[in-house]
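Structure first, then comments.
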Amino acid sequence: MISRNLYLNIIVRVLVLLLLSLLLSYFALVNLSLRLSIIIAILLLTVTINLISYLNSTNRKIRFFFDSVRNDDSTLSFPTGTKEKSLRELYDSMQKVNLQIQKLRIDNRNQEQYFQILIEHLGAGIISFDEKGFILHANSAVKKLLSLDVLTHLKQLERIDAGLYNTISEIHSGERRLIGMMTPGGEIQVSLKATSLKIKESKFIILSLQDIKSELDEKELDSWMKLIRVLMHEIMNSITPITSLSESLSRIYVQNDHRIKPEEITQKTIDITVQGLDVIREQAKGLMSFVESYRKLTRIPEPVKKLFRVAELFDRIKLLYSSLENSGNAILDIETPVGEAELFADQNLISQVLINLLKNAVESNENNSGAKIILKASINDGYATDICVSDNGPGIGDEVIDKIFIPFFTTRHNGSGIGLSLSKQIMNAHGGTLKVRSVPNKETVFCLSF
């Protein structure tokens with residue numbers, strides 16, 4: 001509608017110009033009245049000026065509109081009540097567009113305000129900064145965590161803790177870090193997670209900081225309590241028979257608060273004494289073995305890391321597996337990784353972990369006639385190597401799966417309860433993890449993530 005009226009006004013003026021030009025040309029060729037030719041020329045000039053003025057006026061209004069939009073001028077309005085129809089329709093259209101833009105701006109500001117309030121209410125600290133270290137936004141949680149009132153540049157963090165500043169400066173998108181630092185309120189453990197964002201040509205980092213010391217302390221206390229319960233259980237199991245037998249033997253030789261005479265000792269008394277001492281010796285050996293297991297658990301050697309091929313590790317594991325007791329009762333399927341996948345680790349310690357997991361899988365499948373164990377390596381989303389041992393045995397119940405890594409906890413009568421705990425500590429020493437998932441009577445999977 002706006003185009004038709006605008007074009008109509010322009011076409012009328014152009015036709016008038018064309019007609020006047022033809023008349024002027026005709027009068028000039030046939031040498032008619034000079035006065036009439038001058039009048040036509042003046043009319044031609046007037047219409048030309050009017051056309052230019054009309055186009056400039058329209059262009060100025062349109063340019064003014066776009067300048068206002070570019071300058072974020074929300075007070076812009078247009079006189080839609082003008083008498084000229086083409087301008088009235090132009091103003092009406094621009095007014096509608098302007099109102100729509102204003103609505104979008106209001107919606108964007110409301111949304112921005114909503115997200116700012118949301119970020120302020122988060123328990124975790126959130127900061128965003130550009131490549132030069134200038135902080136664009138820092139919520140109240142991060143200011144409280146760092147004991148700062150104003151946070152404008154990453155350099156401010158260097159005065160608080162140089163390690164924190166260096167970690168944040170070096171962190172990459174998608175990376176997680178854990179760092180300990182001192183604050184006026186005491187030592188805290190801060191978990192960092194970074195995400196990058198690119199807007200136009202600028203790159204920004206959004207970083208979350210969360211104090212997890214209380215959670216770590218709670219987990220540590222819970223782990224200690226579980227360990228103490230297991231230790232007390234094992235020690236009491238060994239000490240109780242020794243105490244009971246000691247009291248029984250003492251009653252044989254001490255009666256009515258008096259020691260018996262040598263001539264009162266019979267062969268039966270000697271036999272009972274020897275039997276009791278044998279039991280005490282065996283119980284003491286068991287207790288010594290338990291203490292030795294604890295000593296091994298607390299003295300894991302430092303990993304001697306070297307680069308080696310995963311396929312080479314699997315060849316070694318295949319030979320070691322054949323020497324395990326009852327290994328023939330389960331089919332071992334080894335899925336060698338494609339290509340030249342490599343690990344930077346202590347091959348001997350990793351072999352110890354894998355053999356322990358395979359041994360556990362064989363023992364848990366002793367009553368499974370169709371037992372199958374799979375040893376598989378893969379590349380995870382972080383481009384690191386995962387090695388998993390899975391089996392189709394009875395699985396691990398929900399009531400014990402969170403206890404299997406506790407030292408000395410075992411569900412087998414002849415188990416020591418240190419294998420999985422030792423394996424987990426070896427992986428921790430490598431900077432990796434050992435995790436488990438299990439679906440009873442379907443599959444159990446232990447995964448080493450490097």
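Structural remarks
- Per residue, the average separation of C-alpha pairs within less than 8 Å and at least 6 apart gives segment 306-449 a relative contact order of 23 percent.
- Set LYS305/LYS424; LYS144/LYS424; LYS403/LYS442; LYS96/LYS203; LYS306/LYS403; LYS143/LYS435 screened for pairs whose C-alpha atoms are more than 25 Å apart: LYS144/LYS424; LYS96/LYS203; LYS306/LYS403; LYS143/LYS435
- Value of Rg to Rh for segment 306-449 (Rh from inverse mean 1/r over Cα pairs, i.e. Kirkwood): 0.94
- P(r), alpha carbons of segment 122-211 - 10 Å bins starting at zero, rounded %: 17, 58, 23, 2, 0
No lab work stands behind these numbers, since they all come straight from the coordinates. Since the model is a prediction, treat every value here as computed from it, not as a measurement.
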